[in-house]
Amino acid sequence: MPNCPECVAKDRNALVAKHEGEEGVDLTALLDAVAVPMKADPATKHFTCRRCGLYATREQISDLRDRINRRARTREDHQYDYLDWWQKSKKDKQVA
């Protein structure tokens with residue numbers, strides 16, 4: 001059974017906020033323990049979350065999970081992309 005991506009994300013964010021700054025807490029074990037199983041409807045091949053009411057197919061759940069887990073581009077990402085571009089352009093200039 002797949003887990004509801006929205007409920008799992010909410011629970012994980014709440015755990016991180018609750019244990020932020022605490023020493024000796026194993027967050028990875030706590031985050032791995034978060035599970036909100038969805039109920040399967042075999043007739044329509046959809047899954048329903050009992051907590052939030054999400055009704056989706058397996059593909060839609062996968063897309064939603066990917067969208068939630070995708071992190072926003074940061075300033076460092078932009079700087080890395082610029083540095084990569086700059087180094088490639090310098091190499092192209094040396095070859096020509």
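General remarks:
- Simple rule: put +1 on each Lys or Arg Cβ and -1 on each Asp or Glu Cβ in the chain, find the dipole, and look at Gly24, Asn13, Ala72; the Cα lying farthest toward the positive end is Ala72.
- Under 14 Å, Cβ to Cβ, from Arg67 - net charge with Lys/Arg +1 and Asp/Glu -1: -1
- Using a probe radius of 1.4 angstrom, the carbon and sulfur fraction of the accessible surface of the chain is 52%.
- In terms of accessible area, using a 1.4 Å probe and ignoring ligands and nucleic acids, Glu59, Glu6, Glu23 rank largest first as Glu23, Glu59, Glu6.
- For His78, the solvent-accessible surface with a 1.4 Å probe is about 100 Å², rounded to the nearest 10.
- Calculated log₁₀ intensity ratio I(q)/I(0) where the Debye formula runs over C-alpha points of segment 31-86, q = 0.12, 0.19, 0.20, 0.30 Å⁻¹: -0.49, -0.76, -0.80, -1.18
- Compared with the alpha-carbon gap, the fully stretched path from His78 to Arg58 is longer by 3.9 nm at 0.36 nm per residue.
- Kirkwood-type hydrodynamic radius, the chain: 16.8 Å, calculated from all non-identical alpha-carbon pairs.
- Full-stretch length increase - Lys10, Lys88 - with 0.36 nm per residue and alpha-carbon distance subtracted: 24.0 nm
The values are calculated or read from the model by the stated rules, or taken from the named source; none is laboratory data. Predicted model only: the values in this text are computed from it and were never measured. Reconstructed Cβ throughout: ideal geometry from the backbone, glycine too, with neighbour counts over all protein chains shown. For the accessible areas, the whole protein counts, side chains as well, though only heavy atoms, and no ligand, DNA or RNA atoms are used. Shrake-Rupley method; radii C 1.70, N 1.55, O 1.52, S 1.80 Å.
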